[in-house]
Amino acid sequence: GPDRAATARALEVASVADMNLDRSDRAEARATEALARYTELGDSRGAARILDARAMATFLEADIRTGTELLDRAAHLFEDSGDLMRTVTPRSTRGHGLVLLDQATAGLADARQALEIARTLGHPEGQAYALWHCAEALAVLGQPDEAVAAGEEARALATRIDHRGWTATAWRAIGLGRQVAGDLEAALAAHEQSLALADH
């Protein structure tokens, strides 16, 4: 109807639904329209949410370089609009993307920035998520003890809040740390824990 803000929000939600239903063209079209409406309304938080969702979709479609750039823009928009809680995921995921792009030092810096925000806000889910990314960066940088410690902290947090997904990724991080340390038996056990939790 005539409510432009409500229409923008409906388009935003529909674009995410389309993304999850693997209707990427329609998802992108709706996201583009929602972004245009949020821009007209001067709604920076709405624009940031759209950029965040599109960045994640791009990232998961294996365009890591573009996705990482978009995640950085989304994180900055959330920061600029004062929505710090929502900053954690794109900032940390950007760090993960940088690790995958062979820029582990920069990736660790982003993941640690996200972790600091999550800790300041008392956000355990965000902490577990950022710790997973820190652990993977540390493993790539050849710091297995620190990687395992970050993974263990992530696992403890994720288990406490009963978050199965982040518990699985924490076990993966522990496995990578153990692998870099040369303890292949412990690495295999950790990866098997992750795989079991990732079922379905």
Burial ranking of peptide ranges 44-56, 118-130 (average Cβ count within 10 Å, highest at the top): 44-56, 118-130
Please compute the modelled spin-label separation between Arg164 and Thr120, points set 7 Å along Cα→Cβ, answer in nm with one decimal. 3.4 nm
Sort Trp166, Trp132 by heavy-atom solvent-accessible area, probe 1.4 angstrom, most to least. Trp166, Trp132
In whole Å, what three semi-axes, largest first, describe the equivalent ellipsoid of the chain built from its Cα gyration tensor (square root of 5 times each eigenvalue)? 33, 17, 15
Over the range 1-52, what is the mean sequence separation of C-alpha contacts under 8 Å (at least six apart), divided by residue count, expressed as relative contact order in percent? 36 percent
Explain nothing, just the number: relative contact order of the range 97-200, from Cα pairs under 8 Å at least 6 residues apart, as a whole percent. 22 percent
Magnitude of the Cβ-charge dipole (Lys and Arg +1, Asp and Glu -1) of the chain about the Cα centre, nearest 20 debye, reported as 400 debye
The farthest towards the positive end of the charge dipole of the chain, of the residues Ala168, Ala17, Ala106, given +1 on Cβ of Lys and Arg and -1 on Cβ of Asp and Glu, is Ala17
Kirkwood-type radius of the range 55-143, with distances r between different C-alpha atoms, in Å: 12.5 Å
Output the peptides 66-78, 88-100, 19-31 sorted from most to least packed, where packing is the average of other Cβ atoms within 10 Å over each peptide's residues. 88-100, 66-78, 19-31
Can you give me the Cα centroid spacing of the range 146-200 and the range 84-136 in angstrom? 17 Å
Which Cα, out of Ala6, Ala154, Ala135, lies furthest along the positive dipole direction of the chain (beta carbon charges, K/R +1, D/E -1)? Ala6
Mean ellipticity per residue at 222 nm, deg cm²/dmol - from DSSP H runs of n ≥ 4 across the chain, formula -39500 (n - 2.57): -28500 deg cm²/dmol
The range 1-123, relative contact order [Cα under 8 Å, separation at least 6], %: 16 percent
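The values are calculated or read from the model by the stated rules, or taken from the named source; none is laboratory data. Quick caveat, the model's predicted, so the values are computed rather than measured. When we count neighbours, we look across all protein chains shown, and the Cβ atoms used for this are built from the backbone with ideal geometry, even at glycine. Side chains are part of the model used for accessible areas, which takes the heavy atoms of the whole protein and leaves out ligands, DNA and RNA. Shrake-Rupley method; radii C 1.70, N 1.55, O 1.52, S 1.80 Å.
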